[in-house]
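The structure under discussion appears below in the form of structure tokens.
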Amino acid sequence: MGLFSKMFGKDEKKPKVEQRGLFNIKVGDIIEYDLADYQVVGKLTLNDGGYEWYEYQLLGDSGSRWLSAEMDDEVELAVYERINKKLTEPIPNQIEFDGVKYELSEQGAAHVRGEGRASNISGFEVRYFDYSDDTEEQLLSVEIWGGDIEVSKGKPIEDFEIKIIAGS
């Protein structure tokens, strides 16, 4: 406590700075990726039978992307952008897009907790279908929100490819 604080009764409280990592990114933080800065404007916490992972909505000059972070046997990160690919149910085991064949690798249903721009979907359930090409370097994600089917194309990235700057 400083001299003036003692004299005038002010209690100085310094804000605690929380170290950011892949699993505690907050709405308002900044993500540096691929020579661009993105603000985290939404966050989804998805839970499928106790297994939890995160999807962060990033907004930058080049548009919107999603950063997916999960801990399986090791940290798995991927960046996705929504694409215009029309699908109908039943969702197939194989999808072709831009000449690349993708095979279904995982599917399930998860309960969603949303924050920021994604807060309006808290409490929803999403059905998901994850695909990869034979090299596992190109990914597709299909999500069914009620009756709406969203398709995103992505690629795996390494944690050193992003930098997290606490914005809140």
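The values are calculated or read from the model by the stated rules, or taken from the named source; none is laboratory data. Note that the structure is predicted; figures quoted are calculated from it, not measured. Cβ atoms come from the backbone with ideal geometry, glycine included; neighbour counts cover every protein chain shown. Surface areas here come from the heavy atoms of the whole protein model, side chains and all, with no ligands, DNA or RNA. Shrake-Rupley method; radii C 1.70, N 1.55, O 1.52, S 1.80 Å.
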Exercise. Only one residue in Ser132, Ser68, Ser141 is of a type in the set (S, T, N, Q), open to solvent by less than 50 Å² (accessible area, probe 1.4 Å), over 16 Å from the mean Cα position of the chain (by Cα) and at negative phi, so which one is that?
Worked result: Ser132
For this session: Could you run through segment 104-124 and say how many residues are acidic (Asp, Glu) and surrounded by 15 or more Cβ atoms within 10 Å (Cβ to Cβ)?
Result: 1
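For segment 50-168, which strands (runs of 3 or more DSSP E) that fit wholly inside it have 2 or more residues that are under 28 Å from Arg20 (Cα atoms)?
Output list reads 51-60, 63-71, 75-83, 100-116, 125-132, 139-145, 148-157, 162-165.
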Seminar exercise, completed: Of the residues in segment 22-54, those that are open to solvent by less than 30 Å² (accessible area, probe 1.4 Å), out of contact with any Lys or Arg (no Cβ under 6 Å at 6 or more places or on another chain) and within 15 Å of Arg113 (Cα to Cα) number 5
Exercise. Ser152: under 28 Å from Gln39 (Cβ atoms) and buried (at least 18 other Cβ atoms within 10 Å of the Cβ), yes or no?
Worked result: yes
Exercise. Name the pairs: first residue in segment 139-161 and in contact (Cβ under 8 Å) with a residue 12 or more places away in the chain, second residue among the aromatic types (Phe, Trp, Tyr) and assigned to a loop (DSSP other than H, G, I, E, B), Cβ to Cβ under 7 Å, at least 6 apart or on different chains?
Worked result: Trp145/Phe124
